[in-house]
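> Just passing along the structure, written as structure tokens.
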Amino acid sequence: MNARPQTPPLSPAPPSQGAALPDYLAPVFAQYPVPVASGEGVWLHTTDGRRILDMYGGHAVAALGYGHPVWTRALTEQARTLSFQTNAVPVDVRVRAAQRLIRFSGLDFNSVFFVNSGAEANENALKMAFRITGRSHIVAVEQSFHGRTAGAGAVTWGAAAKWYSFPRTPFDVSFLPRRDPAALSQQITDKTAAVIVEPVQGQAGAFDHGAPWLEALRQRCDQVGALLIFDEVQCGMGRVGAPFAAKLYGVQPDMITAAKALGAGFPCSALLMSPGVSSAVTLDSLGTTFGGGPMACAVIEAVIEAIESENLLERVRTMGSLIRSRCIIGPVTSHQGAGLLVGLRTARPAREIHAALLDRGILAGTAADPNIVRLLPPFVLEAAHVELLRDALLDIGT
């Protein structure tokens, strides 16, 4: 009689006593030595007992810090009431969030499409530009970052050489040099569907394009019939001290994409559209499963409520100015950016300053520019926290 074949185990054998369990996470993220257990306000608490001042905010996401009562209450109450429902049925909180976001922007928009991430918002903005113009060329800007999906990655500077991985881009792309007025007429033509730009570039190191160049972009787009998309995923929702950088600089784009601080920790994003763009939206022209979910919309309402009721835009402007006046010291030689999207230029490689700050209990960020330490702290930052940063930079020295 043949022996019965062995049934393979349903799960890996347990590790030997004392061996660490594998975490099974794809190894795609370099990680700082900060094993976070919890957060409160602007502080992170680690599993090994440290308290870290968070001047990075999880890539600009944690706009309200950690444990903010308005945010926490809104999410908890909405989860108890209605955690999810499809866009195929009307939900009041979705309408309220759209109305609140349009009012908060202070710009000429009349329609919001809620989705899930900055990349997805950018994909849909590009899609609307192609639909409206019938053209196939997009202009982006050198050093840009717009996301890791097919369309958003195609307009991200350097993606093809680093991580793009798709066999080809889905449309024609060219990249403008930053702040170069002469290049506008050369690259933005009657074949261009849209120009997509971060008014203040985040990953590039808080690089502020400034009002004159953004105004020139607007004028050139109008001349050739191209649409202007402001990617405000990182610089929007109050981070520059105004609702959006478009409002700060007085330049009206055709579309704005928002994420990160929009949910302050809950994944959500939005595409804001001007009347000229929204008139081209038809049933089924855009779609999403999770975008505009009740919990996301409750959080969006709560974020705007906290920003407005606690006068956090003024706080952002004040704390941003304080960092610039107090922290150009030690290894820091100058600054760039706007509001609480700050790039500190360092005399030594930024990675060295980043590590030295972390040794002193402050988590900052770096950037594509090797001499920029990037700061993206919560909007609830206080003057005492800025002084801690100043003291740490003084201690690091030149």
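> Only one of Ala261, Ala204, Ala270 is assigned to a helix (DSSP H, G or I), touching a residue at least 12 places away in the same chain (Cβ under 8 Å), buried (at least 21 other Cβ atoms within 10 Å of the Cβ) and within 22 Å of the chain's Cα centre (by Cα). Can you tell me which?
Ala261
> Which count do you get for residues in the stretch 62-81 that are open to solvent by 40 Å² or more (accessible area, probe 1.4 Å), in a loop (DSSP other than H, G, I, E, B) and among the hydrophobic types (A, V, I, L, M, F, W, C)?
0
> Which of the residues belonging to the stretch 37-57 are open to solvent by 40 Å² or more (accessible area, probe 1.4 Å) and either aliphatic (A, V, I, L, M) or within 24 Å of the chain's Cα centre (by Cα) (or both)? Write out each step before concluding.
Kept after step one, since they are open to solvent by 40 Å² or more (accessible area, probe 1.4 Å), are these residues of the stretch 37-57: 37-38, 40, 43, 45, 47-51.
Once the filter is applied, which keeps residues that are open to solvent by 40 Å² or more (accessible area, probe 1.4 Å) and either aliphatic (A, V, I, L, M) or within 24 Å of the chain's Cα centre (by Cα) (or both), the stretch 37-57 yields Ala37, Ser38, Glu40, Trp43, His45.
> Out of everything in the stretch 373-390 that is assigned to a loop (DSSP other than H, G, I, E, B) and either open to solvent by less than 10 Å² (accessible area, probe 1.4 Å) or among the polar types (S, T, N, Q) (or both), what residue ends up being nearest to His335 (Cα to Cα)?
Applying the filter and picking the extreme gives Leu376.
> Next up: Need the failing condition index for Gly292 against (1) closer than 17 Å to Ile102 by Cα; (2) surrounded by fewer than 16 Cβ atoms within 10 Å (Cβ to Cβ), just the number.
Of everything listed in (1) closer than 17 Å to Ile102 by Cα; (2) surrounded by fewer than 16 Cβ atoms within 10 Å (Cβ to Cβ), Gly292 misses just condition (2).
> When you go through Phe109, Phe166 one by one, which is the residue that is within 26 Å of Ala338 (Cα to Cα) and either open to solvent by 10 Å² or more (accessible area, probe 1.4 Å) or of a type outside the set (Lys, Arg) (or both)?
Working: Phe166 fails: within 26 Å of Ala338 (Cα to Cα).
From the options Phe109, Phe166, the qualifying one is Phe109.
> Mind counting the residues in the stretch 362-398 that are aromatic (Phe, Trp, Tyr) and farther than 24 Å from Arg315 by Cα?
The number of residues fulfilling the criteria is 0.
> In the stretch 159-190, how many are closer than 22 Å to Gln203 by Cα, of a type outside the set (S, T, N, Q) and touching a residue at least 24 places away in the same chain (Cβ under 8 Å)?
Residues that pass the stated criteria total 6.
> For the stretch 207-252: of the residues being open to solvent by less than 10 Å² (accessible area, probe 1.4 Å) and among the acidic types (Asp, Glu), which is nearest to Gly265 (Cα to Cα)?
Glu232
> Let me ask something additional. Cβ-Cβ under 9 Å, sequence separation 6+ or interchain: first residue in the stretch 216-242 and in contact (Cβ under 8 Å) with a residue 60 or more places away in the chain, partner of a type in the set (Val, Ile, Thr) and open to solvent by 10 Å² or more (accessible area, probe 1.4 Å). Which pairs?
So the pair list comes out as Gly225/Thr133; Ala226/Thr133; Ala226/Thr189; Leu227/Ile132; Leu227/Thr133; Gly241/Thr318.
> Separate question: Could you give every pair whose Cβ atoms fall below 6 Å, whose first residue belongs to the stretch 366-382 and is within 21 Å of Ala306 (Cβ to Cβ), and whose second residue is part of a strand (DSSP E or B) and not basic (Lys, Arg), counting only separations of at least 6 or pairs across chains?
Leu375/Val342
> Right, next: Please count how many residues of the stretch 191-201 are under 20 Å from Gly134 (Cα atoms), free of Cβ contacts under 8 Å to residues at least 60 places away in the same chain and in contact with a His (Cβ under 8 Å, 6 or more places away or on another chain).
2
> Another one. Just checking, how many residues over the stretch 309-347 are more than 20 Å from the chain's Cα centre (by Cα) and either aliphatic (A, V, I, L, M) or part of a helix (DSSP H, G or I) (or both)?
13
> Quick check: anything in the stretch 143-153 open to solvent by 30 Å² or more (accessible area, probe 1.4 Å) and either of a type in the set (Gly, Ala, Ser) or closer than 22 Å to Val281 by Cβ (or both)? Quick ask: steps written out before the conclusion?
First pass over the stretch 143-153, keeping only residues open to solvent by 30 Å² or more (accessible area, probe 1.4 Å): 143, 145, 148-150.
Retained after the next criterion (residues that are either of a type in the set (Gly, Ala, Ser) or closer than 22 Å to Val281 by Cβ (or both)): 149-150.
So far as the stretch 143-153 goes, yes, one or more of its residues are open to solvent by 30 Å² or more (accessible area, probe 1.4 Å) and either of a type in the set (Gly, Ala, Ser) or closer than 22 Å to Val281 by Cβ (or both).
> Can I ask one more? Mind listing whichever residues of the stretch 207-254 are within 15 Å of Pro181 (Cα to Cα) and either in a loop (DSSP other than H, G, I, E, B) or of a type outside the set (D, E, K, R) (or both)?
Residues satisfying the conditions are His209, Gly210, Ala211, Pro212, Trp213, Leu214, Ala216, Leu217, Gln219, Cys221, Gln223.
Conditions (1) in contact (Cβ under 8 Å) with a residue 12 or more places away in the chain; (2) crowded, with 22+ Cβ neighbours inside 10 Å; (3) aliphatic (A, V, I, L, M), marked per residue:
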residue	(1), (2), (3)
Ile323	yes, yes, yes
Gly330	yes, no, no
Thr333	yes, no, no
Gly337	yes, yes, no
Leu341	yes, yes, yes
Pro349	yes, no, no
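The values are calculated or read from the model by the stated rules, or taken from the named source; none is laboratory data. Model, not experiment: these values are computed from the prediction. Cβ atoms come from the backbone with ideal geometry, glycine included; neighbour counts cover every protein chain shown. Keep in mind that these areas ignore ligands, DNA and RNA; they rest on the heavy atoms of the full protein, side chains included. Shrake-Rupley method; radii C 1.70, N 1.55, O 1.52, S 1.80 Å.
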